[in-house]
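These notes are about the structure you will find just below.
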Amino acid sequence: MNTVHSSEFIVQSSELGVIGAPRTPHPAPLGLYIHIPYCASRCSYCDFNTYLFDALQAEQYLQGLSLEIDLWAARQVICSRRICSVLFGGGTPSILPASQIVGILDHCRAAFLLEEGAEISLEANPGTVDLPKLRAMKEAGINRLSFGVQAVQDRLLQRIGRAHAAREAEHAFWLAREAGFTNINLDLMFGLPDQRLEDWEESLRWAIRLNPEHLSAYGLILEEGTRLHHEHRTGALELPDEETEAAMYQMTIELLQGAGFEQYEISNFARPGFRCRHNLVYWEHQEYLGLGAGAYSFLGGRRFYNELLPASYVRGIRERGTAVAGGEQLSHEALRSERLMLGLRLRAGLDLQTFKETLGIDDLSASDQVVRLLEGGLLDLREGRLHITERGLLVANELIVQLL
């Protein structure tokens, strides 16, 4: 991305609407992301902007975050916009004391226009919560929890560097229920080192038994710079083969749909009425504001990002009045590619008429690539929406790349 002068960048952002979107007196609501960059330890697959937890550094970071909330709340581009969802992500937001989490949320409520019934979600690791903390967060208005579980075999959890055991994950889930949470997501991961098909089935059946409202099932991606990526390059990593990984994904769909979960996105499944509102902001290509170190925002047709290092982030807020480090104005071609990619990930598919009207692009369904994939049974066109078929889901990433 191109680096720009941050104050100029924000002024430009406030003056522009999303490319191709009509101006309206009542703009669509925003998603709000709050990044907490601290963890107890670093997982071997993780490439997120995270750092080992230090209470003093975290306190300084939260002071900077509070100031950033106030600075953004005073800007015209934000002050009149409603907030439909708030996500505390990381990192491990639940590593903070409840008082600090509640303080941030209260500050957001005072500064921004949160919609009544807004989804307020927090990512948590099983070993970082107890009943008093969960009750305090629930009473403060957090209404959705997302537990990073990944697997229910302790040997696999140790292999990928997770800081909890399987029994802690189940204990945390039931504590959350006792605290009153009625909207809980569990994150699971397949394609892990040394993971067998029967291991994955055990994880899925464990999750079904707990009966959460939402399940996310992601395939492992070897991100550059991670420990697992290094092991893979040196030949020290044994992963399931492509056939086994495809069988894991197919099993995911069959078992979860059989248990009453709706697959509404390639990797996400929900009980009726419990789709993740915040993730839909991203997948439906709506605007969002990101606060905290390394957080990304999408406003006024621009995507921009904050300083990565917490110390640099706090210094930017205090000395320059902004932590924005750079960004770019998205071209029509870039917006086309993003909306295409995100829309096809949703099982509802891509609305071709809206796609055409919003971006002024000719009928996508007539393109050679789409026609070929329709004929090959990998895409389907129904009621003006382009869908990836059940068969196409197994090669969804490759399929989407062909259309970009």
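Here, each number is a calculation from the coordinates, and none is a lab measurement. Values in this document were obtained by computation on a predicted structure and should not be read as measured data. Cβ: placed from backbone, ideal geometry, glycine included. Neighbour counts: every protein chain shown.
Miscellaneous remarks
- Förster radius 30 Å - calculated FRET efficiency between SER331 and VAL371 (Cβ-Cβ, nearest 0.05): 0.75
- Projecting the Cα positions of THR252, PHE53, PRO27 onto the charge dipole of the chain (unit charges on Cβ atoms of Lys, Arg, Asp and Glu, taken about the Cα centre) puts PRO27 furthest along the positive direction.
- Lys/Arg +1, Asp/Glu -1 at C-beta; the chain dipole; positive extreme among GLN353, ILE160, GLY326: GLY326
- Separation of alpha-carbon centers, segment 240-289 and segment 194-219, rounded to whole Å: 12
- Amide H to amide H, with H built 1.01 Å from N, VAL149 comes under 5 Å of ASP187, counting only residues 5 or more places away or on other chains.
- Among ASN185, ASN306, ASN211: highest mean-square fluctuation, GNM of the chain, C-alpha pairs under 10 Å: ASN211
- Computed label-point distance, nm, for sites GLU390 and ASP106 using a 7 Å Cα→Cβ extension: 5.2
- Evaluating 6.51 cos²θ - 1.76 cosθ + 1.60 at θ = phi - 60° for every residue in segment 341-352, the Karplus couplings come out as 4, 6, x, 6, 5, 6, 5, 5, x, 9, 6, 5 Hz, glycine and proline recorded as x.
- Comparing GLY384, LEU113, ALA217 along the charge dipole axis of the chain, the residue lying farthest to the positive side is LEU113, per the Cβ-charge model.
- For the chain, CYS39, CYS79, CYS84, CYS108, CYS276 have no disulfide-compatible partner, since no other Cys C-beta lies under 4.7 Å from theirs.
- Relative contact order for the chain, counting Cα pairs under 8 Å that sit 6 or more residues apart, in percent: 19
- Highest-MSF residue in the chain out of GLU213, GLU170, GLU333 [GNM, Cα springs under 10 Å]: GLU333
- Evaluating 6.51 cos²θ - 1.76 cosθ + 1.60 at θ = phi - 60° for every residue in segment 224-238, the Karplus couplings come out as 4, x, 8, 5, 5, 4, 5, 4, 5, 5, 8, x, 9, 10, 10 Hz, glycine and proline recorded as x.
- For the chain, a crude dipole built from +1 on the beta carbon of Lys and Arg and -1 on the beta carbon of Asp and Glu, taken about the Cα centre, is about 1000 debye to the nearest 20.
- Rg(Cα)/(2.2 N^0.38 Å) for segment 6-283, N = residue count: 1.06
- A simple rule links phi to the HN-Hα coupling: the Karplus curve 6.51 cos²θ - 1.76 cosθ + 1.60 with θ = phi - 60°, which for segment 296-307 gives 9, 10, 9, 9, x, x, 10, 10, 9, 9, 8, 3 Hz, with x for Gly and Pro.
- The GNM of the chain, with springs linking C-alpha atoms under 10 angstrom apart, assigns the highest mean-square fluctuation among GLU123, GLU238, GLU201 to GLU238.
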